[in-house]
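J.: Please read through the structure below; I'll follow up with questions.
The values are calculated or read from the model by the stated rules, or taken from the named source; none is laboratory data. Note that the structure is predicted; figures quoted are calculated from it, not measured. In this analysis, Cβ positions are derived from the backbone assuming ideal geometry, glycine residues included, and neighbour counts consider all displayed protein chains. Note: accessible area is taken over every heavy atom of the protein model, side chains too, but ligands, DNA and RNA are not part of it. Shrake-Rupley method; radii C 1.70, N 1.55, O 1.52, S 1.80 Å.
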Amino acid sequence: MSADILNIKQAAAPEGLRKWEREFTQGVKADATTFNRSGIPIKPLYTQRDWTGERQDEALGYPGQYPYTRGIYATMYRGRSWSQRQLIGLGVPEDYNQRVKEILDLGASALSLIPCNSVFRGYDADEVPHELLGTCGTVINHVKDMDTALDGVPIGDLSTAMNDPSPFTLLAFELAVARRRGIPWTRITGTSNQSDCISHFVANHMFFRLALQGARRVVIDHIKFCNAYVPNWNPLSIVGQHMQQAGATPAEAMAFTLASGIQYAEDCIAAGMDPDQFLPRFTFFFDISVSLFEEVAKFRAGRRIWARLCRERFGAKDPRSWRFKFHGQTSGVDLTRQQPLNNIARVTTQAMAGILGGLQSLHTDGYDEVFSTPTAEAARIAVATQNILREEAHLTDVIDPLGGSYYIESLTDDMEAKINKIIAMIDEVGGMYNAVEKGMVQQMIGDSALAFQKQVDSGSQTVVGVNAYQTEEDPGTYPSLEYPEPARMQGYLQRLAQFKRERSNADVDAALTALARSTEGRNANVFEHVVKAAEAGATHGEICGTLRKELGFGHPLTMV
Amino acid sequence: MAARPPRVIVTKIGFDGHDRGSRVISATLRDAGMEVIYTPPWQEIATVVKLATEEDADVIGISSLATDHLIIPQLMDALRNAGLSDVQVIVGGIVPAKDEARLLEAGVARVFHPGAALDDVVTDVIALTAKRRQLQGESA
């Protein structure tokens with residue numbers, strides 16, 4: 001370890017610190033500088049020389065105060081816990097409904113709905129290979145399916161996150177259900193969780209619907225519509241999770257996400273919207289890796305950067321516009337197939353990082369996600385993990401408990417600098433859409449994914465059970481979720497056919513024609529017509545098909 | 001390594017778009033000197049068969065993270081019907097044990113799970129290329 005890493009010879013250092021340095025240098029022979037996943041060098045000790053606290057008020061503020069480094073609310077978890085929002089979705093709407101009721105009984109306080117991948121890709125169940133239906137999420141194709149899925153669920157009192165990329169038919173179905181149940185749209189709360197089309201184009205490609213510029217238009221219409229008619233809904237969740245799961249380092253994932261946020265905000269401003277109207281309803285969604293301190297610093301830095309962007313760059317005046325609200329999901333990529341129960345320890349560490357980082361809502365992964373969609377038991381443990389951290393470990397007693405730590409504050413500054421540098425690169429090429437169309441973002445993600453895998457393969461990054469501490473075991477003994485029985489899917493397909501027979505095809509045709517027309521010019525709101533089509537009984541596949549024809553077909557912008 | 005470098009298609013069929021694995025594997029095989037034909041996600045089975053014919057692929061690598069492996073037996077049938085039963089198919093990703101058995105039975109050469117080392121994948125592809133060329137020689 002070279003002494004200059006500590007930077008203590010340059011100024012008169014206290015005797016104790018100089019003594020420590022001598023002893024440390026003698027004790028540690030190798031000059032092994034450690035780097036975190038974002039490539040920031042990590043010293044063995046941080047002192048008041050790394051973070052003096054001089055600019056404390058400006059850099060940190062207090063919880064609920066600009067620039068929100070210590071948390072976006074004055075009360076944080078003392079006022080209210082984060083939402084426990086477990087992702088669920090499998091089989092047919094009836095299966096989803098049963099699982100929702102179970103998970104609410106267990107203490108989940110908000111819902112999420114993962115649709116089947118056929119839905120993600122813009123198709124109805126009768127358009128795709130039947131083997132794949134309902135194996136990764138719930139098949140939801142029309143308003144009646146949503147009514148079944150949410151049967152007995154008080155949607156006016158409970159927040160519902162829809163994993164619903166453009167054109168947001170799941171929200172449209174939920175709004176149609178609310179209208180049928182006499183619940184005003186103003187009471188509908190939740191988030192369009194996959195509305196960030198940019199993240200889909202660069203990372204997980206869970207869309208198959210609209211070309212990038214078509215998706216760009218629909219998302220802005222969606223934000224505009226929700227601001228006007230569903231004011232307590234968060235129409236935009238900007239997703240760093242996809243990019244970090246795809247290989248971006250924590251700093252890169254935060255930077256790409258904030259750069260996407262800049263892009264959406266600028267598009268909204270260009271569409272004539274007031275920043276203080278739309279910014280309070282922007283939310284973010286991040287991956288939480290097992291790199292604990294790095295993740296805490298990532299979230300603290302992200303909050304500070306976003307607050308400054310909103311106030312200084314977009315000119316927002318309302319403090320609610322400056323708040324960086326985010327949902328976190330523990331990282332599936334960190335989980336291992338070897339010794340899978342170890343994943344409970346990983347998920348616990350990841351969840352701690354998110355909680356200490358000040359998240360607003362949390363999904364903890366099932367330990368068995370490397371085998372399949374989580375089993376019921378794994379999902380129960382995942383929820384219990386959150387309850388243990390909150391109520392047994394008392395992680396919620398103190399707001400931003402790591403704040404003021406020399407290490408955390410110094411690392412927060414370093415992460416902020418690294419993130420800002422990447423944002424500046426993206427600004428330089430004219431924003432996120434340009435950077436994505438050039439392949440710049442995909443290239444960085446791919447390079448980081450490969451670099452990390454090489455570290456694991458070389459052993460410089462330990463993964464317990466994979467490249468260290470291995471044991472012999474039989475992976476065949478672990479539980480995996482059963483796929484829906486073919487008969488159950490056949491039943492669903494029959495009900496879909498029946499739904500199509502019994503609805504008014506004249507109404508559906510008229511609504512789809514109006515939807516197609518709404519894409520011409522810029523005056524109509526496309527999402528308003530998606531909602532009308534859903535209410536008229538149009539299916540998901542019909543709505544997506546209509547828009548695909550008008551706005552073009554989206555191809556993944558991927559490369560090696 | 002054989003005189004001609006292995007020719008490998010790395011692709012995804014079905015609905016899922018998560019491409020971290022397919023990109024990492026493509027870059028790794030290319031770095032190892034192989035000829036890699038990489039496709040974006042969401043390929044149709046017929047497209048993969050056509051590509052395998054046109055590219056004279058030795059090995060097809062399918063990445064599956066979200067149950068798309070359930071239609072791999074259909075791909076195996078399609079390859080056989082196209083006279084490509086010598087082409088070796090490997091699968092990487094999230095594949096439950098009971099499904100792995102079904103895939104191997106359907107003719108898949110090897111299933112790689114999370115945690116597989118890149119070196120093992122390279123070694124396997126070299127061996128499978130040799131096997132495929134031997135099979136090709138026998139049928140020629």
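J.: From (1) within 12 Å of chain A (Cβ to nearest Cβ); (2) of a type outside the set (A, V, I, L, M); (3) open to solvent by less than 10 Å² (accessible area, probe 1.4 Å), pick out the condition that doesn't hold for residue B:30.
T.: In the conditions (1) within 12 Å of chain A (Cβ to nearest Cβ); (2) of a type outside the set (A, V, I, L, M); (3) open to solvent by less than 10 Å² (accessible area, probe 1.4 Å), residue B:30 misses (3) alone.
J.: Something else: Of all the residues that make up the range B:87-96, how many are at pLDDT 95 or above and either within 10 Å of chain A (Cβ to nearest Cβ) or more than 20 Å from residue B:129 (Cα to Cα) (or both)?
T.: Qualifying residue count for the region: 0.
J.: Here is a follow-up. In the range A:151-189, which residues are touching a residue at least 40 places away in the same chain (Cβ under 8 Å), among the charged types (D, E, K, R) and not in a loop (DSSP other than H, G, I, E, B)?
T.: A:179, A:187 - these are the residues of the range A:151-189 that are touching a residue at least 40 places away in the same chain (Cβ under 8 Å), among the charged types (D, E, K, R) and not in a loop (DSSP other than H, G, I, E, B).
Residues are listed down the side, and each one gets a yes or a no for (1) more than 13 Å from the chain's Cα centre (by Cα); (2) surrounded by fewer than 24 Cβ atoms within 10 Å (Cβ to Cβ); (3) within 14 Å of another protein chain (Cβ to nearest Cβ):
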position	(1), (2), (3)
A:195	no, no, no
A:201	yes, no, yes
A:220	yes, yes, no
A:224	yes, yes, no
A:229	yes, yes, no
A:238	no, no, no
A:242	no, no, yes
A:248	yes, no, yes
A:253	no, no, yes
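J.: Looking at the range B:79-96 only, could you name the residues that are under 14 Å from the mean Cα position of the chain (by Cα) and part of a helix (DSSP H, G or I)?
T.: Listed by number, the list holds a single entry, B:79.
J.: Next up: Which of (1) at pLDDT below 95; (2) in contact with a Ser or Thr (Cβ under 8 Å, 6 or more places away or on another chain); (3) crowded, with 22+ Cβ neighbours inside 10 Å; (4) more than 14 Å from chain B (Cβ to nearest Cβ) does residue A:371 not meet, given it meets every other one?
T.: Only one criterion in (1) at pLDDT below 95; (2) in contact with a Ser or Thr (Cβ under 8 Å, 6 or more places away or on another chain); (3) crowded, with 22+ Cβ neighbours inside 10 Å; (4) more than 14 Å from chain B (Cβ to nearest Cβ) is unmet by residue A:371, namely (4).
J.: Within the range A:502-560, track down each residue that is part of a loop (DSSP other than H, G, I, E, B) and in contact with a Pro (Cβ under 6 Å, 6 or more places away or on another chain).
T.: Passing the criteria: A:556, A:558.
J.: Would you tally the residues in the range A:119-146 being at pLDDT 90 or above, in contact with a Phe, Trp or Tyr (Cβ under 8 Å, 6 or more places away or on another chain) and assigned to a helix (DSSP H, G or I)?
T.: 5
J.: Among what's in the range A:25-68 and is hydrophobic (A, V, I, L, M, F, W, C) and at pLDDT 90 or above, pick the residue that is nearest to residue A:417 (Cα to Cα).
T.: By that ranking, first place goes to A:40.
J.: Mind checking which pairs have a first residue in the range A:505-523 that is open to solvent by less than 80 Å² (accessible area, probe 1.4 Å) and a second that is basic (Lys, Arg) and in a helix (DSSP H, G or I), Cβ under 9 Å, 6 or more apart or different chains?
T.: So the pair list comes out as A:508/A:500; A:511/A:532; A:514/A:532; A:515/A:532; A:516/A:549; A:519/A:217.
J.: Let me ask something else. For residues in the range B:116-128 being of a type in the set (D, E, K, R) and out of contact with any helix residue (DSSP H, G or I) (no Cβ under 9 Å at 6 or more places or on another chain), which is most open to solvent (accessible area, probe 1.4 Å)?
T.: Going through the qualifying residues, I end up with B:120.
J.: So, in the range A:441-460, exactly how many residues are more than 11 Å from chain B (Cβ to nearest Cβ) and buried (at least 17 other Cβ atoms within 10 Å of the Cβ)?
T.: Qualifying residue count, the range A:441-460: 2.
J.: Kindly indicate which of A:313, A:320, A:300 is at pLDDT 95 or above, within 25 Å of residue A:199 (Cβ to Cβ) and under 20 Å from the mean Cα position of the chain (by Cα).
T.: Only one candidate passes the filter, namely A:300.
J.: Check A:470, A:490 and return the single one that is surrounded by fewer than 18 Cβ atoms within 10 Å (Cβ to Cβ) and within 29 Å of residue A:338 (Cα to Cα).
T.: When all the criteria are applied, what remains is A:470.
J.: Could you list all residues from the range A:97-142 that are over 25 Å from residue A:189 (Cβ atoms), open to solvent by 40 Å² or more (accessible area, probe 1.4 Å) and more than 11 Å from chain B (Cβ to nearest Cβ)?
T.: A:126, A:127
This table checks each residue for (1) within 12 Å of chain A (Cβ to nearest Cβ); (2) open to solvent by less than 20 Å² (accessible area, probe 1.4 Å); (3) in a helix (DSSP H, G or I); (4) modelled with pLDDT under 95.
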position: B:15; (1), (2), (3), (4): yes, yes, no, yes
position: B:21; (1), (2), (3), (4): yes, no, yes, yes
position: B:24; (1), (2), (3), (4): yes, yes, yes, yes
position: B:46; (1), (2), (3), (4): no, no, yes, yes
position: B:60; (1), (2), (3), (4): no, yes, no, no
position: B:76; (1), (2), (3), (4): no, yes, yes, no
position: B:98; (1), (2), (3), (4): yes, no, yes, yes
position: B:102; (1), (2), (3), (4): yes, no, yes, yes
position: B:114; (1), (2), (3), (4): yes, no, no, yes
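J.: Is one or more of the residues making up the range B:44-63 touching a Pro at 6+ places or on another chain (Cβ under 8 Å), closer than 28 Å to residue A:244 by Cβ and not polar (S, T, N, Q)?
T.: no
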